[in-house]
Ligand code: NDP
Ligand code: 2IT
């Protein structure tokens, strides 16, 4: 049996009941076969076995008291996956669906994503099955303080630097940072996505969505095309979706649909983003309200239908496995030309296959959404240097990073004989740097 197949088989056997982790590992390992064939020393060094095993997994109890005085208990996780090229770096997700499999898939992806940014950051991810929906600010604070009361001993500005993800935005990072600072008595860059008054970076809020559009713009440009006049469908209406919409609109695209976990809105005239921002960022309400506020728009219960809306460009920006094989087929039938993943692993393996066979330009998450973590690394650089860069400066660096990622994955795909296959290109380009560092470190 070939090396990658053996490692994958063992991984499934040793980590049963972790379907998301299996899915991410399958996608990654199957594309690395040509690399490990070229480098037999990797197998001799057990490199892949080490690559798929987290360096450390921390799981802990998070007790807190709700507004009715009842004790609640959640599960907390931090997976410190790989520190070969830098301190562990990756977001925290607060969502009721969170479990070890989901945090491990996100952590594995994060290793290669962070490598692609070209910056010195290793891979990690964490979170909790805590559901922030409907909670008061005091309940959010109580939960975040309890979460950090355990997490603080495992993280540090040069050890592990968490950030936001689903359910974790500026408010949560503020509470988490406040508690870390209180316990450790250190005002350091231990979290990114901090507020601008306490060490945060300009553009971090916009970075993932803007970066997604920058890399897609480069892919369009290399084909003599642009966002101008394109019809775009964006799933989700959170941090990534909102700023992807903002940048796509500024480049002349028409975004016609978005959703939250209850259903989607369709606005043939182009989505009014100020209305979405007010509903989602200010009032933390449901997207359904958009249809009452904007004449001519419609709301449909359920998420999946969004992929039946014809578009030139689809930007899935909500969650894993939101595009299955049937949705991919519908998108292709309706003429989609570009799919760029803002969310992590939003397309199933079968959906990716449909896009690639149909010749759709498919930009996988670890390349397409790397702008968020790249700007986190820029925040870390500013913290270390005790500096504060202008919006224009950070935005220009972000754009440059995304353009470089596009060409790196394009070149890696070509070098290995898979031109235009950006899943291959991203996995290979991301892996080679990590593998080289791991080899240099010996068996650790
Ligand atoms: P937010 O919490 O800000 O927004 C998440 C959005 O996705 C909301 O609209 C939410 O709807 C929707 N959503 C979440 N879970 C589901 C679900 N199970 N079914 C349907 N809709 C769902 O998160 P972000 O925008 O930060 O993250 C979105 C995606 O982007 C995630 O996959 C994340 O891992 C990825 N990502 C985020 C980065 C960042 O910097 N924030 C960086 C790189 C990737 P509702 O409000 O109803 O729950
Ligand atoms: O998936 C991701 O890359 C993120 N949620 C951002 C991580 C970070 O450390 O900024």
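From a point 7 Å beyond the Cα of residue 186 in the direction of its Cβ, which residues of the range 359-398 have a backbone N at a distance under 19 Å? Only 377-387 fall inside the zone, counting backbone N under 19 Å. Peptides 115-121, 303-309 ranked from most to least packed, by the mean per-residue count of other Cβ atoms within 10 Å: 115-121, 303-309. D by Stokes-Einstein for the chain, Kirkwood Rh over Cα pairs, 37 °C, 0.692 mPa s: 149 µm²/s. The length gained on full extension between residue 159 and residue 2, counted as 0.36 nm times the residue separation minus their Cα-Cα distance, comes to 53.0 nm. Please build a GNM for the chain, connecting alpha carbons under 10 Å apart, and tell me which residue among 348, 319, 298 fluctuates the most. Fluctuation is largest for 298.
Only helical runs count toward this figure. For the chain, summing -39,500 (n - 2.57) over DSSP H runs of n ≥ 4 and dividing by all residues gives -14500 deg cm²/dmol at 222 nm. Each peptide in 38-46, 98-106 gets a packing score, the mean of other Cβ atoms within 10 Å over its residues, and the list from highest to lowest is 98-106, 38-46. If you take the beta carbon distance between residue 439 and residue 325 as r and set R0 to 35 Å, what does 1/(1 + (r/R0)^6) give as a FRET efficiency, to the nearest 0.05? For residue 439 and residue 325, the calculated efficiency is 0.40. Compute the normalised compactness of the range 256-412: alpha-carbon radius of gyration over 2.2 N^0.38 Å, N being the residue count. The value comes to 1.18. In plain terms, the residue of 361, 65, 73 with the fewest other Cβ atoms within 10 Å comes first and the most crowded comes last, giving 73, 65, 361. Scaling the Cα radius of gyration of the range 127-249 by the globular reference 2.2 N^0.38 Å produces a ratio of 1.28. One decimal place: the segment residue 393-residue 13 gains 132.0 nm when fully extended, by the rule 0.36 nm per residue minus the C-alpha distance.
Considered as an equivalent ellipsoid built on the Cα gyration tensor, the range 350-392 has semi-axes of 36, 10, 5 Å, the largest given first. Of the peptides 166-173, 428-435, the ranking by mean beta-carbon count within 10 Å, highest at the top, reads 428-435, 166-173. I'd like the FRET efficiency for residue 358 and residue 33, computed as 1/(1 + (r/R0)^6) with the beta carbon distance as r and R0 of 22 Å, rounded to 0.05. The value I calculate is 0.40. Sorting 1, 438, 424 from the fewest to the most surrounding beta carbons within 10 angstrom yields 1, 438, 424.
Taken together, the values in this text are just the output of simple stated rules run on the coordinates, not laboratory data. All values derive from a computational prediction rather than experimental measurement. Cβ coordinates were reconstructed from backbone atoms using ideal geometry, including for glycine residues, and neighbour counts include every protein chain displayed.
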